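The values are calculated or read from the model by the stated rules, or taken from the named source; none is laboratory data. Since the structure is predicted, the reported quantities are computational estimates derived from the model, not experimental observations. Positions of Cβ are backbone-derived with ideal geometry, glycine not excepted, and every protein chain shown enters the neighbour counts. Quick note on the areas: whole protein, heavy atoms, side chains included, nothing else; ligands and nucleic acids left out. Shrake-Rupley method; radii C 1.70, N 1.55, O 1.52, S 1.80 Å.
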Amino acid sequence: MAVKIKAVQIEKPEVLKIIEMDKPSIDEKNNVLVKIKASGICGSDVGIYHGTNAAATYPRVIGHEIVGEVVETGFGASKVKVGDRVIIDQVTACGHCYACRIGRPNVCQHLAVRGDHIDGGYREYMAVPYTDCYILPDFLRYEDAVLIEPTTIAVQACSRAELKAEDELLILGSGALGSRMLSIARLYGCRIIVADVVDEKLAEARENGADYTINLLKENIVEKCKEYTTDGYGPTVSIDCACTKDSLGTLLEVTGNAGRVITMGFSVAPTEVTQFKITSKELDVRGSRLQNRKFQEVIDLVNSGKVDLDHKISHTFKFTDAQKAFDFNDTHDPSIRKIVLTMD
Ligand code: MN
Ligand code: ZN
């Protein structure tokens, strides 16, 4: 009889179950068996749970911020060995379509994202190709190492934005994604404005390198963006880390001429935007999805001390208590920065 493992499955929107599934075994393609140690809860996981993530399919074992220990390797798994601590790339792609051919597998036509379209990391074991495993910095705890994944998302967005030192950047939203964005954007040396609705998060953003902050509930973002940029020009780059229904309209409004607007949300709620804002300012509106092989870059930044991921998570739950963790996340308690599920 096959050995069973436990997993957290979203059977359908709003229905979270702890299920038993067959323990995966390695084969020619998935030649590394990883004992999962921790998996982060991301906004997109919450979206899959609540049925607001348009990309997901059900039923699904979710979780895409996946770290663990290599416990078995098969033929050809040259880059990793038993005992290695690794993070797993969530992107799997066909390798043949237009996006893949031009080097953008993160938007492959047949994209299958772990924890989204195929089963992810809220379980005890996964078998994956060795090419999807990246060695964790030695000094980083597993719980903290899950933050490498959201940091890759930030690296991807800054790369899509073609961020440069002379840019004046607006980061809309200072939650888990926004704070990761700030940690990467500050390395470019550009001026950074962070906007949010929570004063504590804005104070943290200033401590972590934001030059200016805007409280969206108390201040007018259009006026403040003019005030905080050279000659009232407005941000030359704006990145949506809030991903609310109105964020895109706000960013089109505040971004200066010839600027770049980066969207990251997955909402399908219609929102009114006018062509005039884009055409008259000749804005580049670009999506940034997942990440395109950015794990090693982030791990190098962590190893060199340029990015600090130590003790940035706020809460951990055992993965079998995932329901409690998602319920707690729904309280929007102001202490929440990052919730991590652990498997030990
Ligand atoms: Mn994530
Ligand atoms: Zn493809």
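Here's the picture: a label point sits 7 Å out from the Cα of I18 along the beta-carbon direction, and within the stretch 51-89 the residues with their amide nitrogen under 19 Å of it are 60-63.
With all pairs of different C-alpha atoms in the average, the Kirkwood value for the hydrodynamic radius of the stretch 151-287 is 14.5 Å.
How many angstrom lie between the Cα centre of the stretch 275-322 and the Cα centre of the stretch 206-241? So the separation of the two Cα centres works out to 20 Å. Placing a pseudo-label 7 Å from each Cα along the Cα-to-Cβ vector at K312 and I278 gives an inter-label distance of 3.1 nm. Taking every Cα-Cα distance in the stretch 203-268 and sorting them into 5 Å bins from zero, the calculated P(r) comes out as 4, 16, 24, 28, 20, 7, 1, 0 percent. Tell me, rounded to the nearest percent, the portion of alpha carbon pairs in the stretch 1-121 spaced more than 22 Å apart. Within the stretch 1-121, distances greater than 22 Å cover 42 percent of Cα pairs. The relative contact order of the stretch 151-287, computed from alpha carbon pairs under 8 Å that lie at least 6 residues apart in sequence, is 22 percent.
Taking a probe of 1.4 Å, how large is the accessible area per residue of the chain, in Å²?
Numbers: 15500 Å² over 344 residues.
Heavy-atom SASA per residue in the chain reads 45 Å².
Take the stretch 16-65, drop everything but the C-alpha atoms, weight them equally and run the Debye formula without solvent; then report log10 I(q)/I(0) at 0.24, 0.32 Å⁻¹ to two decimals. Summing over Cα pairs of the stretch 16-65 leads to -1.05, -1.23.
Place a +1 charge on the Cβ of each Lys and Arg in the chain and a -1 charge on the Cβ of each Asp and Glu, then give the dipole magnitude about the Cα centre in debye, rounded to the nearest 20. Write down the numbers at each step before the final one.
Working: 41 positive and 49 negative charges, 142 e Å.
Dipole magnitude for the chain comes out near 680 debye.
By the Stokes-Einstein formula, at 1.002 mPa s and 20 °C, the chain with its Kirkwood radius over alpha-carbon pairs has D equal to 103 µm²/s.
Over the stretch 64-198, with every protein chain in place, what whole percent of the accessible area is carbon and sulfur at 1.4 Å, could you tell me? Provide the component values of the computation, followed by the final result.
Details: 2500 of 4810 Å².
Roughly 52 percent, rounded to a whole number.
Look at the dipole of the stretch 151-287 built from charges on Cβ: of T229, L216, P270, the Cα furthest out on the positive end belongs to P270.
Each residue was assigned an accessible area with a 1.4 Å probe, and for R60 the value is about 30 Å².
Neighbours of N220, meaning other residues whose beta-carbon lies under 10 angstrom from its beta-carbon, give a summed charge of 0 when Lys and Arg score +1 and Asp and Glu score -1. Compared with the alpha-carbon gap, the fully stretched path from D321 to E207 is longer by 37.7 nm at 0.36 nm per residue.
Excluding R60 itself, calculate the net charge of residues whose Cβ lies under 9 Å from the Cβ of R60, where each Lys or Arg counts +1 and each Asp or Glu counts -1. Don't skip to the end; give the middle numbers.
Numbers: positive: none; negative: E11, D116, D119.
Residues close to R60 contribute a combined charge of -3.
The accessible-area ordering, largest first, of the residues K338, K277 stands as K277, K338, per a 1.4 angstrom probe.
Backbone phi angles across the stretch 209-216, fed through the Karplus curve with coefficients 6.51, -1.76 and 1.60 (θ = phi - 60°), yield HN-Hα couplings of x, 5, 7, 9, 10, 10, 8, 5 Hz in residue order; Gly and Pro are listed as x. Here T331 and F75 are evaluated by their C-beta separation; at R0 = 41 Å the FRET efficiency comes out at 0.30. In this structure, the amide hydrogen of E124, modeled 1.01 Å from its nitrogen in the peptide plane, lies closer than 5 angstrom to those of K6, counting only residues at least 5 positions away or on a different chain. Principal-axis analysis of the Cα atoms of the chain puts helix 176-185 at an angle of about 70° to the longest axis. By a 1.4 Å probe calculation restricted to protein chains, T52 has an accessible surface near 90 Å², given to the nearest 10.
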